[in-house]
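These notes are about the structure you will find just below.
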Amino acid sequence: MFTEACLTSHYRLSSDELARLARTAPDQRWQAVRATQSMLGSDVPPDAAQPATGVVFDPVFVPQLYLYNGRSYRTPTTWQRGAVQTAVATGAAPAAPQSGASGSSGSSSRSGSGSSGSSSSSSSSGPNAGVVVVMVVAAAVIVFVLAGSEGARYDGWLGLPPDEPLYLDGADGSVTAVPLAALTPELAARATGATVYEGDTQRYLQLGRAPLDRAGFSIQSGAAFALVPQHLGSGASSSAAFGGRAFLGGFPVHQVGVGATADVVASTNGAVVANVGAEVQVMPVTPVGVYAGVGWTGFTAGDGSAGSGGWYLRGGVQGELPFTTRLTGSLRAGVMRADYGERIDAVVMPEVSVGLSVY
């Protein structure tokens, strides 16, 4: 598949992880290395890499089996140095820190409802529904492609051979190769990150994915369901409406995200509601949070009469089901209050959406 072809057999280590490894005893570093599988790029170490000078280390002996977080792993024979040790390691490898935002996947991506106080003249038709549909479909395609790659990409802790070369990236563009067990605090401090190359043969032990990490860019897409009026006016009946929504933004921190949102629904009686605006998502508890948004809305009646434009406020609750470190499923429920300036009472529309979030 295309998404699988994008994945590589090399992994990136952050500068923070290098600093942690440098503070860890050489005979324990191999037991849990935090790394993220890369997408695209060469799987061959750079020819320009220079070996680190002045570093020495004692051979590290590894058992045939060792424990990590309560589970046993069999180490490849190529890892073992000297006499093969048959005893099972009795101490569990120290778990890599899981604080803060670590490694992929998700948040919801739709708007809910709230209350809007600004009115718009009846001559305004609001956002163009066709343009909003294109935005929603484009986001869905992007999320589908990214979901495939994020679902397959490994982001977590690896067991590495003790003498595995780390290719350290220098701030000046240089690359220095040093064995994992020989990494020094001085080398780690000068590096902006590092890469390890697994090659064609699977040599690394995948010990477990990192928990959900929302920090950074986010794109979300999903199916939308709402109750919308057939036309604007007192006593207007409502009908079920179906469509889609999209969110594009970022999470400056793990718990809070901001971005632009677009959604469109069409009811069974022909009424169409299209919205574009801004949204804030707050996830104080990892799987549960709230969202709120404000923006521009357009309504076209089911009888084909001229559209009406106005403003909306929306809000609700959302939940996530993490699939990987950067990919989650999402479920949202809320209400949208739209003021089209053509009636005394604002229109209140209940909303529900289900979809995927990629971080």
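Any idea what the dipole of segment 306-359 comes to, in debye rounded to 20, about its Cα centre with Lys/Arg Cβ at +1 and Asp/Glu Cβ at -1?
180 debye
Can you give the relative contact order of segment 190-341 as a percent, counting alpha carbon pairs under 8 Å and 6+ residues apart?
Relative contact order for segment 190-341 comes out at 17 percent.
On each of the three principal axes of the Cα atoms of segment 1-56, give max minus min coordinate, whole Å, ordered largest first.
Per principal axis, max minus min of the Cα coordinates gives 42, 26, 17 Å.
Please give the FRET efficiency for ASP27 paired with VAL145, using the beta carbon to beta carbon distance and R0 = 41 Å, rounded to the nearest 0.05.
0.45
Only counting other Cβ atoms within 10 Å, I'd like GLU186, GLU279, GLU17 sorted with the fewest neighbours first. Numbers along the way, then the final one.
Values: GLU186 12, GLU279 26, GLU17 20.
Ascending number of Cβ neighbours within 10 Å: GLU186, GLU17, GLU279.
How big is the gap, in Å, between the Cα center of segment 250-278 and the Cα center of segment 12-65?
Cα centres, segment 250-278 to segment 12-65: 43 Å.
Share of Cα-Cα pairs in segment 156-211 beyond 18 Å, in percent?
40 percent
Can you grab the distance from the C-alpha centre of segment 175-233 to the C-alpha centre of segment 126-149, Å, no decimals?
If we compute the Cα centre of each part, the gap is 23 Å.
Treating segment 271-359 as a set of equal point scatterers at the Cα positions, no solvent, please give the Debye-formula log₁₀ I(q)/I(0) at q = 0.24, 0.25 Å⁻¹.
-1.18, -1.24
Given a Förster distance of 45 Å, report the FRET efficiency between ALA48 and SER72 from their Cβ-Cβ distance, rounded to the nearest 0.05.
Between ALA48 and SER72 the formula returns 0.70.
Read-outs: derived from the displayed coordinates by stated rules, not from any lab. Only a predicted model underlies this, so the values are computations on that prediction, with no experimental measurement involved. Cβ coordinates were reconstructed from backbone atoms using ideal geometry, including for glycine residues, and neighbour counts include every protein chain displayed.
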